[in-house]
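Sharing a structure, written as structure tokens. Questions coming.
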Amino acid sequence: MTYQNYSLKQLQQVDAAHHLHPFTDHKELREAGSRIITRAEGPYIFDSEGNEILDAMAGLWCVNVGYGREELARAAYHQMKELPYYNSFFKCSTPTPVLLAKRLAELAPPSVNQVFFGSSGSEANDTALRLVRHFWALEGKPQKNRIISRKNAYHGSTVAGTSLGGMEPMHQQLGGAVPNIVHVMMPYAYELALPGESDHEFGLRAAKAVEDAILEAGPENVAAFIGEPIMGAGGVKIPPMSYWPEIERICRKYDVLLMLDEVITGYGRTGEWFAAQSFGITPDTITTAKALTSGYQPLSALLVGDRIATTLTEKGGEFYHGYTYSGHPVACAVALANLDIIEKEGLVERVKNDTGPYFAQALRERIADHPLVGEVRSFGLMGAIEIVRDKATKERFEGDGRAAVVVRDHAIANGLMLRATGDTMILSPPLIWTRETIDLACERIGKALDLAHKDLFA
Ligand code: PMP
């Protein structure tokens, strides 16, 4: 029996009876019933009621080439027929991860040439954490194992991902994080800049928090700093341009490794292949996933810089770590086909030179003046809209995030899939969006804001 034989109500009942969802209050879900998405095409998703919804989140920050790509289905089909699976353990390899690793080394910053595969961003960050500690142990400095991260960071939902991340509610449920990870302030000027402090100055001050944490621990005890170039799940927090170069300078000064989590920003979202290139920095590790396959297959790639790779390969000693699906042949075949599409269609350049600037301008000119909007910001095709009660004082609505949920629900009802995180609306559209799609999205955001304004001030 296929799902078409089920009514929406029946599917929702079966969902409630058997399916536990990620990041969900299951009592609430049972009361509301889930929205069931049944198919998708290009930039649109369709629910079981036949509603067409423009997907401003690219699934979950991942479907960068849009839905319904024949090439990707074909790549998976051919690979499954030829070799659906073989492992990369025990000195074995299969062709597609080899070719993909080479391709990624070509796209990454020049001193990043090695790749470790997994199936998710969380797994890749687990690998990154294990790898940097292994690196310092091989260097004869096992005590250099502290990792500095940021409050409100999101690095995944495994134990290591949660520990690296800085989300309080996740830590509370964890009941004991991986030891020796500390969290410093985030570079979020809208809420944290001091009166009269310029963006540039604020960026330097936020970076200084990392230096302070290094000095407090003693540089001889600090392995690495990890950060999302632009914080995603935490609310698309875009650091001032002064932040990352200063972080890099500080890391180099104290011989602390620089780890970037580009699970969202990788593969074109910022208008370069990697945000490292947008911010002009050279990290020691780059965590990537999501858009590597545009979400058509689960795959992550931890890109590893030459310094770590050289120690691994020259000093030897087994790295006791890996996954059954590290280098999965089908996922890697799909990734290769996905990179072909991004390249052939010039999507990265399009974000940089056309849709990214147009998106910024559209948010600024058509959304920023709305009375509910405290700030709009964007970088490439990643954007945020701050929802406030009072523009001038930045006062928020009571009920922590309630207002943004009202906006989100109106947006979805009016054909636009947006996400709310705290009091922030976030956007991460597929890179195939055109100026026309951006116009349509802005029209729907405007409508959602007007309707929410009526509700919130009723
Ligand atoms: N890092 C970042 C920056 C992310 O945004 C995410 C997922 N949203 C992850 C890691 C975890 O990836 P996954 O859900 O594939 O484990």
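State all residues of region 423-438 that are touching a helix residue (DSSP H, G or I) at 6+ places or on another chain (Cβ under 7 Å) and either charged (D, E, K, R) or under 16 Å from residue 376 (Cα atoms) (or both); if no residue qualifies, say none.
423, 424, 425, 428, 429, 435, 438
Just to be sure I understand, how many residues within region 58-84 are surrounded by 13 or more Cβ atoms within 10 Å (Cβ to Cβ) and more than 20 Å from residue 340 (Cα to Cα)?
Residues flagged as surrounded by 13 or more Cβ atoms within 10 Å (Cβ to Cβ) and more than 20 Å from residue 340 (Cα to Cα) within region 58-84 amount to 4.
Using the structure shown, decide if residue 280 is in a loop (DSSP other than H, G, I, E, B), free of Cβ contacts under 8 Å to residues at least 40 places away in the same chain and in the same structural domain as residue 129 (by TED's automatic domain parsing). Let's see the steps before the verdict.
On the way: in a loop (DSSP other than H, G, I, E, B): yes; free of Cβ contacts under 8 Å to residues at least 40 places away in the same chain: yes; in the same structural domain as residue 129 (by TED's automatic domain parsing): yes.
Yes, satisfied.
Conditions (1) farther than 25 Å from residue 123 by Cβ; (2) among the hydroxyl-bearing types (Ser, Thr, Tyr); (3) assigned by TED's automatic domain parsing to the domain that holds residue 438, marked per residue:
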{"residue": "311", "(1), (2), (3)": "no, yes, no"}
{"residue": "315", "(1), (2), (3)": "no, no, no"}
{"residue": "318", "(1), (2), (3)": "no, no, no"}
{"residue": "322", "(1), (2), (3)": "no, no, no"}
{"residue": "327", "(1), (2), (3)": "no, no, no"}
{"residue": "330", "(1), (2), (3)": "no, no, no"}
{"residue": "339", "(1), (2), (3)": "no, no, no"}
{"residue": "353", "(1), (2), (3)": "yes, no, yes"}
{"residue": "357", "(1), (2), (3)": "yes, no, yes"}
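Kindly list the number of the only condition in (1) crowded, with 18+ Cβ neighbours inside 10 Å; (2) part of a loop (DSSP other than H, G, I, E, B); (3) not aromatic (Phe, Trp, Tyr) that fails for residue 400.
Result: residue 400 fails condition (1) only.
May I pose another question? Just the residues that are part of a strand (DSSP E or B) and free of Cβ contacts under 8 Å to residues at least 60 places away in the same chain, please, taken from region 240-266. Steps first, answer last, please.
Residues of region 240-266 part of a strand (DSSP E or B): 257-261.
Residues satisfying the conditions are 258, 260.
Starting from residues that are part of a helix (DSSP H, G or I) and small (Gly, Ala, Ser), keep the ones in region 310-342 and report whichever is surrounded by the fewest Cβ atoms within 10 Å (Cβ to Cβ). Explain how you work it out, then say what you get.
To start, the set of residues in region 310-342 that are part of a helix (DSSP H, G or I) comprises 310-315, 329-342.
Now narrow it down to the ones that are small (Gly, Ala, Ser): 331, 333, 335, 337.
Numbers: 331: 25, 333: 28, 335: 29, 337: 23.
Of everything passing the filter in region 310-342, 337 is surrounded by the fewest Cβ atoms within 10 Å (Cβ to Cβ).
If you don't mind, there's one more thing I want to ask. Which pairs have Cβ atoms under 9 Å, sit 6 or more apart or on different chains, and link a residue in region 394-414 that is modelled with pLDDT under 95 to one that is charged (D, E, K, R) and surrounded by fewer than 18 Cβ atoms within 10 Å (Cβ to Cβ)?
398/389
Moving to a separate point now. Here are some residues: 318, 345, 262. Which one is acidic (Asp, Glu) and within 14 Å of the chain's Cα centre (by Cα)?
That would be 262, the only listed residue that is acidic (Asp, Glu) and within 14 Å of the chain's Cα centre (by Cα).
In this structure, is residue 118 in the same structural domain as residue 169 (by TED's automatic domain parsing), within 16 Å of the ligand (Cβ to nearest atom), at positive phi and touching a residue at least 24 places away in the same chain (Cβ under 8 Å)?
Values: in the same structural domain as residue 169 (by TED's automatic domain parsing): yes; within 16 Å of the ligand (Cβ to nearest atom): yes; at positive phi: no; touching a residue at least 24 places away in the same chain (Cβ under 8 Å): yes.
So residue 118 does not fit the description; no.
On the basis of being crowded, with 16+ Cβ neighbours inside 10 Å and either of a type outside the set (Phe, Trp, Tyr) or in contact (Cβ under 8 Å) with a residue 40 or more places away in the chain (or both), does residue 384 make the cut? Give the steps one after another, and end with the answer.
Numbers: crowded, with 16+ Cβ neighbours inside 10 Å: yes; either of a type outside the set (Phe, Trp, Tyr) or in contact (Cβ under 8 Å) with a residue 40 or more places away in the chain (or both): yes.
Criteria met by residue 384.
Within region 283-309, track down each residue that is within 20 Å of residue 264 (Cα to Cα) and part of a helix (DSSP H, G or I).
Applying the first criterion (within 20 Å of residue 264 (Cα to Cα)) to region 283-309 yields 283-305.
Within region 283-309, 290, 291, 292 meet the criteria.
Considering only region 180-200, state which residues are in contact (Cβ under 8 Å) with a residue 24 or more places away in the chain and of a type outside the set (Val, Ile, Thr).
Here is the first cut: in region 180-200, the ones in contact (Cβ under 8 Å) with a residue 24 or more places away in the chain are 180-191, 199-200.
Of everything in region 180-200, those that are in contact (Cβ under 8 Å) with a residue 24 or more places away in the chain and of a type outside the set (Val, Ile, Thr) turn out to be 180, 183, 185, 186, 187, 188, 189, 190, 191, 199, 200.
Say whether the condition of being out of contact with any strand residue (DSSP E or B) (no Cβ under 9 Å at 6 or more places or on another chain), farther than 30 Å from residue 412 by Cβ and among the acidic types (Asp, Glu) is met by at least one residue in region 66-87.
yes
I would also like to ask the following. Out of curiosity, is residue 208 more than 30 Å from residue 22 (Cβ to Cβ), in contact (Cβ under 8 Å) with a residue 60 or more places away in the chain and basic (Lys, Arg)?
On the way: more than 30 Å from residue 22 (Cβ to Cβ): yes; in contact (Cβ under 8 Å) with a residue 60 or more places away in the chain: no; basic (Lys, Arg): yes.
Criteria not met by residue 208.
Does residue 163 count as part of a helix (DSSP H, G or I), surrounded by 17 or more Cβ atoms within 10 Å (Cβ to Cβ), touching a strand residue (DSSP E or B) at 6+ places or on another chain (Cβ under 8 Å) and in the same structural domain as residue 335 (by TED's automatic domain parsing)? Write out each step before concluding.
Numbers: part of a helix (DSSP H, G or I): yes; surrounded by 17 or more Cβ atoms within 10 Å (Cβ to Cβ): yes; touching a strand residue (DSSP E or B) at 6+ places or on another chain (Cβ under 8 Å): yes; in the same structural domain as residue 335 (by TED's automatic domain parsing): yes.
So residue 163 passes the test.
I'd like the full set of residues that are more than 14 Å from the ligand (Cβ to nearest atom) and either polar (S, T, N, Q) or part of a strand (DSSP E or B) (or both), limited to region 217-239.
Selection gives 221, 222, 223, 224, 225.
Hey, another quick one. Do you know which residues across region 130-161 are over 22 Å from residue 212 (Cβ atoms), out of contact with any His (no Cβ under 7 Å at 6 or more places or on another chain) and within 14 Å of the ligand (Cβ to nearest atom)?
Of the residues in region 130-161, the ones over 22 Å from residue 212 (Cβ atoms) are 130-131, 133-135, 137-140, 142, 154, 156-161.
Imposing the further condition that a residue be out of contact with any His (no Cβ under 7 Å at 6 or more places or on another chain) reduces the set to 131, 133-135, 137-140, 142, 154, 156-160.
Across region 130-161, the qualifying residues are 154, 156, 157, 158, 159, 160.
Please work out which one of (1) out of contact with any strand residue (DSSP E or B) (no Cβ under 9 Å at 6 or more places or on another chain); (2) surrounded by 24 or more Cβ atoms within 10 Å (Cβ to Cβ) is the condition residue 253 fails and give its number.
Failed condition: (2).
The values are calculated or read from the model by the stated rules, or taken from the named source; none is laboratory data. Being a predicted model, the structure only gives us computed values, none of them experimental. Because the Cβ atoms are built from the backbone with ideal geometry, glycine has one as well, and the counts that use them run over all protein chains shown.
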